[in-house]
Amino acid sequence: MTSQNARAKAKANEAVDFDNAIEVFCNYLAIEKRYSPHTVANYRHDLEEVAGALNNLKVADWSGANAFNMRTVISSQHGQGLSGRSLARRLSAVRSLFKYLIKHKHIEVNPVADVPAPKDHPGLPETLQIEDIQRLFALKGDDALILRDRALFELIYSCGLRLAEVIQLDVDSIDMQAGMVRVVGKGSKARNLPVGKAALNAVSEWKSRRAELQKGAATDQALFLSKRGTRLSARSVQQRLKTLATRTGISHNVYPHLLRHSFASHLLESSGDLRAVQELLGHVDINTTQVYTHLDFQHLARVYERSHPRASRKSNASLTDIVDGKEEANG
């Protein structure tokens, strides 16, 4: 073997070693790819976690990784509570490392090219009860900021708007006479939505005082303005809603998207029209809307539990008392 071949073999063996390969690869990300220190640190952490797991499986170095033991690692880490999203990121880091090793002739095959990350079961969205909605919207006072907030939150709940959609509304986005609002959603897709009477009244009151927040000759056409006379930011909306919820005694963590979830759930409970809810929310895929049917089922289950004579011990007892009372009254 020539000295050049010997050096090449030594380089290959060094690069495939777990620690050395991670070090070389992370230096490549930092210096040549110019990734941020935070991103490089995330890569390093994920690669070290995988390397440790492979080592526990008696795999000596990266060249010993294959699809089978990589699936074992991912499955084990998922079982330990790591989310599908985190594992997808971890697999992405490992794929990138193997692509680098293949490019530099240290290995020949990427063993994780077809290894999928486990999918998380999506949790059910939170919603507010009707009573909480009513408390939240019972804003007192006629200060311009209060009128703005009342109109803002009424509109989100009335139409099921996303936060990004509501802050992009302009003064002429709402046709007050027709009771319609035109919003631009994801993918720049526009949709026209009906606006409820309560929201229309709140918007009308706000528009009559909107000029108070304009500064000088401000020409910003935003429907909702900040105290500086500029378009209201998403962060400000989140903070105002959170503060309002705390003041009204709502124990939930209230955020703008919670109003959208509540809109969808309450509408589905009363109408049962999934397709209409899909259109109003602006969902391209009805499967995205389907999650609210689970919320609807939970609502029906609660009604059943409270009402059906054979649903629970508590309801049986109360129904028996009623029947006994009627029988005694009838003699």
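Please verify whether LYS119 is assigned to a loop (DSSP other than H, G, I, E, B), out of contact with any Asp or Glu (no Cβ under 7 Å at 6 or more places or on another chain) and of a type in the set (Lys, Arg), treating the condition exactly as stated. Spelling it out, LYS119 is indeed assigned to a loop (DSSP other than H, G, I, E, B), out of contact with any Asp or Glu (no Cβ under 7 Å at 6 or more places or on another chain) and of a type in the set (Lys, Arg). None of SER208, SER236 is in contact with a Ser or Thr (Cβ under 8 Å, 6 or more places away or on another chain), polar (S, T, N, Q) and surrounded by fewer than 20 Cβ atoms within 10 Å (Cβ to Cβ) except SER236.
Is segment 158-170 home to any residue that is polar (S, T, N, Q), surrounded by fewer than 20 Cβ atoms within 10 Å (Cβ to Cβ) and not in a loop (DSSP other than H, G, I, E, B)? Spell out how you get there, then give the answer.
Of all residues in segment 158-170, those polar (S, T, N, Q) come to 158, 168.
Now drop any that are not surrounded by fewer than 20 Cβ atoms within 10 Å (Cβ to Cβ), which leaves 168.
Of the ones still in play, those that are also not in a loop (DSSP other than H, G, I, E, B) are none.
Scanning segment 158-170 turns up no residue that is polar (S, T, N, Q), surrounded by fewer than 20 Cβ atoms within 10 Å (Cβ to Cβ) and not in a loop (DSSP other than H, G, I, E, B).
Could we say that LEU258 is under 28 Å from LEU244 (Cβ atoms), part of a helix (DSSP H, G or I) and modelled with pLDDT of 75 or more here? Against the criterion (under 28 Å from LEU244 (Cβ atoms), part of a helix (DSSP H, G or I) and modelled with pLDDT of 75 or more), LEU258 qualifies. In segment 211-233, the qualifying residues are those that are of a type in the set (Lys, Arg) and more than 17 Å from ILE146 (Cβ to Cβ), and the one that is surrounded by the most Cβ atoms within 10 Å (Cβ to Cβ) is ARG231. Cβ separations smaller than 8 Å between residues 6+ apart or across chains give the following pairs from segment 26-49 residues that are in a helix (DSSP H, G or I) to residues that are surrounded by fewer than 17 Cβ atoms within 10 Å (Cβ to Cβ) and of a type in the set (Val, Ile, Thr): LEU29/THR39.
Would segment 58-66 turn up any residue that is part of a helix (DSSP H, G or I), over 32 Å from the mean Cα position of the chain (by Cα) and β-branched (Val, Ile, Thr)? Reasoning before the result, please.
Filtering segment 58-66 down to residues part of a helix (DSSP H, G or I) leaves 62-64.
Narrowing further to those that are over 32 Å from the mean Cα position of the chain (by Cα): 62-64.
Narrowing further to those that are β-branched (Val, Ile, Thr): none.
Scanning segment 58-66, I find no residue that is part of a helix (DSSP H, G or I), over 32 Å from the mean Cα position of the chain (by Cα) and β-branched (Val, Ile, Thr), so the answer is no.
Counting residues in segment 62-81 that are more than 19 Å from ASN110 (Cβ to Cβ) and at pLDDT 90 or above gives zero.
The values are calculated or read from the model by the stated rules, or taken from the named source; none is laboratory data. Treat the numbers as computed from the prediction; the structure is a model and nothing was measured. FYI the Cβ positions are ideal-geometry reconstructions off the backbone, even for glycines, and counts take in every protein chain you see.
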